[in-house]
1. Report yes if Asn66 is among the polar types (S, T, N, Q) and loosely packed, with under 15 Cβ neighbours inside 10 Å, otherwise no.
2. What residue, among those in the range 107-127 that are free of Cβ contacts under 8 Å to residues at least 40 places away in the same chain and touching a Lys or Arg at 6+ places or on another chain (Cβ under 8 Å), is farthest from Ile83 (Cα to Cα)?
3. Within the range 90-110, how many residues are surrounded by fewer than 19 Cβ atoms within 10 Å (Cβ to Cβ) and either β-branched (Val, Ile, Thr) or modelled with pLDDT under 95 (or both)?
4. In the range 52-87, what count of residues is obtained for those that are on the phi > 0 side of the Ramachandran plot and of a type in the set (Asp, Glu)?
Amino acid sequence: MTAGGWTVASRSLIACLVAVPVALVVGAPSAQAKNGDTHITSIGSTQTVDCNESTLIVNGSGNTINALGSCWAVTVQGAGNLIVADNVVNDITVYGYDQSVFYKSGEPVVWDRGRELGMMNRIDRIPA
């Protein structure tokens, strides 16, 4: 390799050594879900849970879930579930039919996958 080739190679290596740590620090997300998401897999249960700033995942049918505190996200699958959350930070995703998800505060993105397939679900903000 010529002297000019070593100069180009060393400059590229130095640029990578500087750029990668900067990208890792600057590219870090400002908010994210915590470990310890709450999973409820049940039929016909009534529960009150603390979201603890994590994701609430409900899978089943005929469940009534009261989610206290702040939820990072709420995801519901199945049929005929009722979820009432104090606060939802990031998103609400609903699969299935005849689901009811109500939240008292937050500005979550609402994604009703059931409605996309012609099924009826209710997702709305309610008074605190």
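The values are calculated or read from the model by the stated rules, or taken from the named source; none is laboratory data. Bear in mind that the values here come from a model prediction, so they are computed numbers and not experimental data. Cβ placement follows ideal geometry from the backbone for every residue including glycine, while neighbour counts extend to all protein chains displayed.
1. Taking the combined requirement at face value, the residue satisfies it.
2. Filtering the range 107-127 for residues that are free of Cβ contacts under 8 Å to residues at least 40 places away in the same chain and touching a Lys or Arg at 6+ places or on another chain (Cβ under 8 Å), the one farthest from Ile83 (Cα to Cα) comes out as Pro127.
3. 3
4. 1
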